[in-house]
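Notes to accompany the following structure.
Since every read-out is calculated from the coordinates, none of them should be taken as a lab result. Just so we're clear, the structure is a prediction, and the values are computed from it rather than from any experiment. Note that we place each Cβ from the backbone using ideal geometry, even for glycine, and neighbour counts take in every protein chain shown.
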Amino acid sequence: MADRRNTLQKEIIHRTLCDMSCHPTAAMVYDAVHRQHPTISRSTVYRVLGQMAEEGQILRLGLAGSDDRYDGNIHRHGHVRCRLCGAVADIPPVAMGEPEDTAGFLLEDCAVEYCGLCPDCQKQCRETMLTPPEGVCK
Ligand SMILES: [Zn+2]
Ligand SMILES: [Zn+2]
């Protein structure tokens, strides 16, 4: 019955990820799964997330400057990341023309990631009258 158990765990992990719109790291998914289903181990969550990403059921985002994050939304879309707190949100897909110079690469896909300040950080900066630390998105 190991298969059945695996399928069930996979469903739970998938559903948990899809309910989280914050593009969580594996650790965050584990925390959420663990709260509801304490018997599912950390290694299972990490393994299943990796598996589902390989199989294309979820997205693994290797965003600059952070751990891998996972996304239950596999429709084509772009991302915007807050450079202060690291929050990631979905944005509609951005149409990008093909660059004139592809450096000899055969282009297959284009992942768009914007970076800036999220609404919370903007609000906090306004309230504390602090100018957001200058900086380049990293
Ligand atoms: Zn922020
Ligand atoms: Zn997304």
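Take every Cα-Cα distance within region 1-73, group them into 10 Å bins from 0 onward, and report for each bin the whole-number percent of pairs it holds. All Cα pairs, binned at 10 Å, distribute as 21, 57, 19, 2, 0 percent.
Using only the Cα atoms of region 75-138, each taken as one equal point scatterer with no solvent, compute I(q) by the Debye sum, divide by I(0), and report log10 of the ratio at q = 0.12, 0.14, 0.25 Å⁻¹. Normalising to I(0) and taking log10 leaves -0.44, -0.56, -1.05. When the chymotrypsin sites (Phe, Trp or Tyr not before Pro) in region 25-107 are filtered for DSSP coil states and for at most 15 other beta-carbon atoms within 10 Å of their beta-carbon, the remaining sites are PHE105. Across region 69-138, the relative contact order, built from alpha-carbon pairs under 8 Å that are at least six residues apart, equals 34 percent. Under the definition of Cα pairs under 8 Å and six or more residues apart, what whole-number percent is the relative contact order of the chain? It rounds to 20 percent for the chain.
Using Cβ point charges alone (K and R +1, D and E -1), the dipole size of the chain about the Cα centre works out to roughly 740 debye. Remark: LEU106, LEU61 ranked as LEU106, LEU61, counting other beta-carbon atoms within 10 Å and listing the fewest first.
The share of Cα pairs per 5 Å bin across the chain, counted from zero up to the longest distance, runs 2, 9, 16, 17, 16, 14, 11, 8, 5, 2, 1, 0 percent. The Stokes-Einstein estimate for region 47-96, based on a Kirkwood radius over Cα pairs and taken at 20 °C with 1.002 mPa s viscosity, is a diffusion coefficient of 181 µm²/s. Relative to the longest principal axis of the C-alpha atoms of the chain, give the angle of the C-alpha long axis of helix 42-54, reported between 0 and 90° and rounded to the nearest 10°. Helix 42-54 sits roughly 70 degrees off the main axis of the chain. Selection among TYR70, LEU84, VAL45 by position relative to the dipole of the chain gives VAL45 as farthest towards the positive end (Cβ unit charges, Cα centre).
Sparsely packed loop sites in region 1-93 (the GluC sites (Glu not before Pro) outside DSSP H, G, I, E and B with at most 11 other Cβ atoms within 10 Å) comprise GLU55.
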